[in-house]
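Working notes, structure below.
The values are calculated or read from the model by the stated rules, or taken from the named source; none is laboratory data. If you're wondering where the values come from, they're calculated on a predicted model, not measured in any experiment. Note that each Cβ is placed from the backbone with ideal geometry, even for glycine, and that neighbours are counted across all protein chains shown. With ligands, DNA and RNA removed, areas are computed over all heavy atoms of the protein, side chains included. Shrake-Rupley method; radii C 1.70, N 1.55, O 1.52, S 1.80 Å.
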Amino acid sequence: MKLKYSADAITRYRGGSIVYFVPQYEKISGKTLRELDDFTLGAITTLLESGEFTGKAGEMTTLYRPGGYEADRVILAGLGTKKKVNADTYRKAAGVVSKNRGLTLAKRAAFYFGKADKEEYFQAAIEGYLLGSYKLLDFKTGDDATSKNVLEELTFFIDNRR
């Protein structure tokens, strides 16, 4: 798998899926999440009000073809409480999202970290993805003996440039 890094606008990413790592929230905050809510005509607000997605650890939801984005889908992955976010929370979130068919069936995908730029977060996310998507195929036969994961390129996006 090819890994890339970018500080360009996430809305211009042309790939199959974008994964947003989102800390738990009670109201929509942060420029990018507010913009995503605007582009999706209030989908983030609706998810929050219904309790379907609040950013709790292990939560995941998918938004298809969000207006203003060039990607096919945006997958929201919960990190849990903002005060407790660390490398392990990124590892676990990436492990959960690694099983999402919208991600595994895309040839290109992006992990969006926002302003989080600690190296250990990037490393933990790729570790979580690789561990979560691993399948032992040695003892399988027929169609089960091949991996369904076609992801070839993963780009890490952050908001700030160094």
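By DSSP, the beta bridges lying fully in the chain are antiparallel in about 20 percent of cases. Can you name the helices of the chain, as whole DSSP H runs, whose Cα span along the helix axis is 18 Å or more and whose Kyte-Doolittle mean is not below -0.5? Both cut-offs are met by 119-133. Between the beta carbons of THR54 and THR141, assuming R0 = 35 Å, the FRET efficiency works out to 0.25 to the nearest 0.05.
Work out the FRET efficiency for GLU70 and GLU120 from their Cβ-Cβ distance, taking R0 = 25 Å, and round it to the nearest 0.05. With R0 = 25 Å, the Cβ-Cβ based efficiency is 0.25.
Using the rule -39500 (n - 2.57) for each DSSP H run of four or more residues, divided by the residues of the chain, the 222 nm mean residue ellipticity is -8500 deg cm²/dmol.
Solvent-accessible surface of the chain, taken per residue with a 1.4 Å probe and all protein chains present: 57 Å². For GLN24, the residues 5 or more places off, or on other chains, whose built amide H falls under 5 Å of its own are LEU79, GLY80, THR81, LYS82.
Of the solvent-accessible surface of region 1-148, computed with a 1.4 Å probe and all protein chains present, 51% belongs to carbon and sulfur. Taking a spot 7 Å from the Cα of LEU105 along the direction of its beta carbon, which residues of region 18-49 have an amide N less than 16 Å from it? From region 18-49, the list is 18. For LYS118, the lysines whose Cα falls under 19 Å of its own Cα, not counting residues fewer than eight places away in the same chain, are LYS4, LYS82, LYS83, LYS84, LYS92.
Here the chain is assigned +1 on the Cβ of each Lys and Arg and -1 on the Cβ of each Asp and Glu. Its dipole about the Cα centre then comes out at about 220 debye.
Comparing PHE122, PHE111, PHE39 in a Gaussian network model of the chain, where Cα atoms under 10 Å apart are tied by springs, the biggest mean-square fluctuation is seen for PHE39.
Based on C-alpha pairs under 8 angstrom that are at least 6 apart in sequence, the chain has a relative contact order of 32 percent.
Of the labelled figures (i) 39; (ii) 35; (iii) 45, only one reflects percent of Cα pairs over 23 Å apart as derived from the coordinates, namely (ii).
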